Amino acid sequence: MSLNRSEKEAVIQQVTDLAAKAQTLVMAEYRGVTVADMTKLRSEARSNGVALSVLKNTLARRAVAGSGFEVATEQMTGPLIYGFSEDAVAAAKVVADFAKTNDKLVIRGGVYGGKALDANGVKQLASIPSKEVLLAQLCGLLMSPVSRTAVVLGALAAKKGEGEAAAA
């Protein structure tokens, strides 16, 4: 079914809005992926804050024109699914994790920080821990010296208490 001009303009505006908010774009070829698998992918993407869309490449090129994602226009060929995410690694992680279990989904490339990524770049981006995990690791690092100091002070207090009890 073909879209009329106003419908195409609405799609372009919608994708332009997504691109304006997003940090990352991931593109993957979905040829041969079953509808059931695609539904699982979309559900996983939604739960991780990733907007997945199957778009005509010409509309996608127009939507990202003038944005940081414009560097990927040469990669926009063939049947592609586009994943935009505000979290820097969410789109890459969702698509890469799904591609591990479904060999029909082939990562074609992406964009992060205004730089085009190839398939390996997207996989490397996906291997970075999420923001929440990084914050938890940072908190653990900050708490480590404090907790060690508390343990040492507790041990000194206990030893001092034993010394006073033995002297009495």
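For S144, the solvent-accessible surface computed with a 1.4 Å probe is close to 30 Å², ligands and nucleic acids excluded. Using the Cβ-Cβ distance between T77 and S2 with R0 set to 22 Å, the FRET efficiency from 1/(1 + (r/R0)^6) comes to roughly 0.65.
The gain in end-to-end length when the S127 to L141 segment is fully stretched comes to 3.0 nm, 0.36 nm per residue minus the alpha carbon separation. The calculated pair-distance distribution of the stretch 2-67 uses every alpha carbon pair, bins of 10 angstrom beginning at 0, and gives 18, 47, 34, 2 percent.
Sorted largest first by accessible area at a 1.4 angstrom probe radius, with every protein chain in place, the residues M27, M38 fall in the order M38, M27. Computed with every protein chain present, the accessible area of I107 is close to 20 Å² [probe 1.4 Å].
May I ask for the net charge around K8, where only other residues with Cβ less than 10 Å from the Cβ of K8 are counted and Lys, Arg are +1 while Asp, Glu are -1? After counting each charged neighbour, the total is +1. In the full protein context, the chain carries 62 Å² of accessible surface per residue, based on a 1.4 Å probe and ignoring ligands, DNA and RNA. Only one item in (i) 18.5; (ii) 16.0; (iii) 16.6 matches Kirkwood radius over Cα pairs in Å derived from the coordinates shown, and that item is (i). Among R61, R148, R108, the largest mean-square fluctuation in a Gaussian network model of the chain (Cα springs under 10 Å) belongs to R148. Students often get this wrong, so check it: of K40/K93; K40/K100; K40/K131; K56/K123; K93/K123, which have C-alpha atoms separated by over 19 Å? Violating the 19 Å limit, Cα to Cα: K40/K131; K56/K123.
Net charge of the neighbourhood of T24, taken over other residues with C-beta under 9 Å away and scored Lys/Arg +1, Asp/Glu -1, is -2. The sum of -39500 (n - 2.57) across all DSSP H runs of n ≥ 4, divided by the residue count of the chain, sets its helix-only mean residue ellipticity at 222 nm to -18500 deg cm²/dmol.
The values are calculated or read from the model by the stated rules, or taken from the named source; none is laboratory data. Everything numeric in this text was worked out from a predicted model, so none of it was measured. Please note: Cβ atoms are built from the backbone with ideal geometry, for glycine as well, and neighbour counts cover all protein chains shown. Ligands, DNA and RNA are stripped out before the accessible areas are found, and what is left, the full protein with its side chains, is counted by its heavy atoms. Shrake-Rupley method; radii C 1.70, N 1.55, O 1.52, S 1.80 Å.
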